[in-house]
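Below is one structure; the comments refer to it alone.
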Amino acid sequence: MQTLFDSDTHDASESPAPGRLSRDQVIDHILTINPSAGRDFLEQFGRRRLDGYLDRLVAAGSPRGRDARWIRDGDTPAIQGRYRRR
């Protein structure tokens, strides 16, 4: 089963670029928006997946309308379907 957080490697030595949140700050921000995620759960994912999830949470919390934008990464299909076996 594929999830939003497909496993990717985590480099503990990753340091944020100037103006970017650190990995711990990203996790803290996610927990502020979605406290049910759990720190232990989030710790198992790499920086790229955490950044993507935070972007999605922020976009989902924004008002809908003409200016609302969220760009899917393209690593998952927009529409999924399943055929029923007969």
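Tabulated data for the structure shown
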{"read-out": "Filtered residue count, the stretch 15-48, keeping only those that are modelled with pLDDT of 90 or more and assigned to a helix (DSSP H, G or I)", "value": "17"}
{"read-out": "Contacts under 6 angstrom Cβ, first residue in the stretch 52-71 being modelled with pLDDT under 80, partner assigned to a helix (DSSP H, G or I), 6 or more apart", "value": "70/59"}
{"read-out": "Qualifying residues in the stretch 46-63 (those that are small (Gly, Ala, Ser) and out of contact with any Leu (no Cβ under 9 Å at 6 or more places or on another chain)) - the one surrounded by the most Cβ atoms within 10 Å (Cβ to Cβ)", "value": "46"}
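The values are calculated or read from the model by the stated rules, or taken from the named source; none is laboratory data. Since the structure is predicted, the reported quantities are computational estimates derived from the model, not experimental observations. Note that each Cβ is placed from the backbone with ideal geometry, even for glycine, and that neighbours are counted across all protein chains shown.
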